[in-house]
Amino acid sequence: MPSITAAAPGKIILFGEHAVVYGRPAIAIPVTQVQARATVSPNPRASPGAVRIQAPAIGLDTNLEALSESHPLAVVVNLVVATLGISHLPACTIRVTSTIPVAAGLGSGAAVSVALARALSAFLGRPLPDDKVSAIAYEAEKIHHGSPSGIDNTVITYARPVYFVKGYPIEMIGVKQSFTLVIGDTGIASPTKVAVADVRQGWIANPSYFESLFDAITQVTQAARQAIEEGRIKDLGPLMDTNHELLIRLGVSCSELDHLVQAARSAGALGAKLSGGGRGGNMIALCHSGDAMKVSKALKAAGATRIIITEVREAITQNLERPRP
Ligand code: PMV
């Protein structure tokens with residue numbers, strides 16, 4: 001049994017975060033500059049069935065049975081085993097690494113789950129299809145996020161721009177003209193679960209106001225999809241600005257995000273918004289490719305702790321390591 005490695009990209013939400021939890025559409029894109037990787041290797045010296053799990057970034061080096069059953073890594077391993085109908089695992093070592101910042105809205109948890117489900121199922125000789133991989137990652141997302149919409153596991157599994165509505169078949173978005181995004185990190189770790197729970201509280205207290213915000217976000221997201229599919233990139237900028245304003249009203253922005261968004265716009269970005277759960281984490285700015293360095297510099301000067309420049313194209317799966325079925 002050879003070692004098997006699989007990688008999965010990070011992601012950002014381009015439009016529609018939070019509203020997507022309430023059945024509205026959202027657009028997400030993969031970000032391959034950062035990746036999670038899982039390697040499963042045989043461990044012939046270990047006793048039969050012994051599974052070692054290593055995740056150096058979180059100081060984890062333990063046997064599978066010592067992990068709580070609700071640990072996201074254990075959930076993924078156990079679901080792969082259950083989905084394949086396997087009675088026991090061969091002795092092996094699972095090593096998980098990631099360059100995706102944690103709790104920053106870049107999908108680190110889902111990417112680890114997707115990479116692990118792919119590597120483990122391939123190691124067992126039965127690589128799982130994308131829909132099964134995504135469903136397993138969704139279960140692990142519930143532990144990270146509480147009541148996730150499912151957008152993270154979907155965009156990361158398929159590694160293509162997606163238009164996502166919870167409970168509906170996934171729609172891939174055709175990107176007629178590629179465009180450049182600068183992703184700026186506030187450096188503030190902000191668990192999505194908390195922001196999602198706060199929006200829930202607001203919605204319970206004032207449902208008609210929150211529903212009206214979700215409806216407005218829906219209009220922006222639908223218009224953005226059309227603009228992407230028709231190659232009207234400059235129209236996306238004002239739509240991002242509007243989405244950011246609506247997210248402020250939802251209560252999920254913060255002064256650091258607003259500051260970075262403003263800095264990007266002042267440096268010539270066509271539009272900018274927070275991305276993901278908010279309250280910290282990342283913001284994104286749309287710019288002409290020639291302006292990406294200028295916008296990056298302005299974001300750094302305004303306090304961004306990490307910058308990723310990414311080009312959004314139709315399919316960006318080529319540079320991802322994937323075990324072949
Ligand atoms: O993982 P994040 O921080 O990008 O957040 C996901 C987006 C939310 O809409 C806030 C939550 C969800 O489950 O869709």
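Points worth noting:
- Taking the listed residues Ser108, Ser41, Ser68, Ser113, the one that is of a type in the set (Gly, Ala, Ser), more than 30 Å from Thr180 (Cβ to Cβ) and in contact (Cβ under 8 Å) with a residue 40 or more places away in the chain is Ser41, with no other qualifying.
- Top-ranked residue of region 214-240 - restricted to ones that are part of a helix (DSSP H, G or I), charged (D, E, K, R) and over 21 Å from the mean Cα position of the chain (by Cα), ranked as nearest to Arg313 (Cα to Cα): Glu229
- Comparison of Thr93, Thr83, Thr62 shows that the only residue that is surrounded by fewer than 21 Cβ atoms within 10 Å (Cβ to Cβ) and under 16 Å from Ser134 (Cβ atoms) is Thr83.
- Some residue of region 156-177 being more than 24 Å from Thr32 (Cβ to Cβ), aromatic (Phe, Trp, Tyr), at pLDDT below 95 and out of contact with any strand residue (DSSP E or B) (no Cβ under 9 Å at 6 or more places or on another chain): yes
- Within region 116-137, tally of residues that are under 24 Å from Ile13 (Cβ atoms) and crowded, with 19+ Cβ neighbours inside 10 Å: 7
- Here region 5-36 is the region considered, the condition is being polar (S, T, N, Q) and modelled with pLDDT of 95 or more, and the residue that is farthest from the ligand (Cβ to nearest atom) is Thr5.
- Per the conditions (1) surrounded by 16 or more Cβ atoms within 10 Å (Cβ to Cβ); (2) within 14 Å of the ligand (Cβ to nearest atom); (3) of a type outside the set (Ser, Thr, Tyr), the sole criterion not satisfied by Val40 is (2).
- When region 161-187 is filtered for residues that are under 21 Å from Gly231 (Cβ atoms) and either among the hydroxyl-bearing types (Ser, Thr, Tyr) or part of a strand (DSSP E or B) (or both), the ones remaining, listed by number, are Val162, Tyr163, Glu171, Met172, Ser178, Phe179, Thr180, Leu181, Val182.
- Region 165-186 - residue that is within 15 Å of the ligand (Cβ to nearest atom) and touching a residue at least 60 places away in the same chain (Cβ under 8 Å) and, of those, farthest from Leu106 (Cα to Cα): Gly167
- Filter result for Ile58 (of a type in the set (Val, Ile, Thr), free of Cβ contacts under 8 Å to residues at least 40 places away in the same chain and either away from the ligand (no atom under 16 Å from the Cβ) or more than 29 Å from Gln226 (Cα to Cα) (or both)): yes
- Residues of region 241-268 that turn out to be within 16 Å of the ligand (Cβ to nearest atom) and small (Gly, Ala, Ser), as a count: 2
- Considering residues of region 241-272 that are outside any helix (DSSP H, G or I) and free of Cβ contacts under 8 Å to residues at least 60 places away in the same chain only, the residue surrounded by the most Cβ atoms within 10 Å (Cβ to Cβ): Ala272
- Yes/no for Gln201 being more than 11 Å from the ligand (Cβ to nearest atom), part of a helix (DSSP H, G or I) and surrounded by fewer than 24 Cβ atoms within 10 Å (Cβ to Cβ): yes
- Within region 117-156, being within 16 Å of the ligand (Cβ to nearest atom) and of a type in the set (Gly, Ala, Ser) holds for Ser134, Ala135, Ala137, Ala140, Gly146, Ser147, Ser149, Gly150.
- Residue in region 76-88 that is over 24 Å from Pro48 (Cβ atoms) and either more than 16 Å from the ligand (Cβ to nearest atom) or in a helix (DSSP H, G or I) (or both) present: no
- Residue in region 298-307 that is crowded, with 19+ Cβ neighbours inside 10 Å, at pLDDT below 95 and outside any helix (DSSP H, G or I) present: no
- Residue among Ile94, Ile13, Ile53 that is outside any helix (DSSP H, G or I), closer than 30 Å to Lys273 by Cα and not charged (D, E, K, R): Ile13
- Residue-level check: of (1) crowded, with 18+ Cβ neighbours inside 10 Å; (2) more than 20 Å from the chain's Cα centre (by Cα), Thr154 misses just (2).
- Residue among Val114, Val81 that is at pLDDT 95 or above and more than 13 Å from the chain's Cα centre (by Cα): Val81
The values are calculated or read from the model by the stated rules, or taken from the named source; none is laboratory data. Note that the structure is predicted; figures quoted are calculated from it, not measured. Neighbour counts are summed over all protein chains in view; Cβ atoms, including those assigned to glycine, are modelled from backbone coordinates with ideal geometry.
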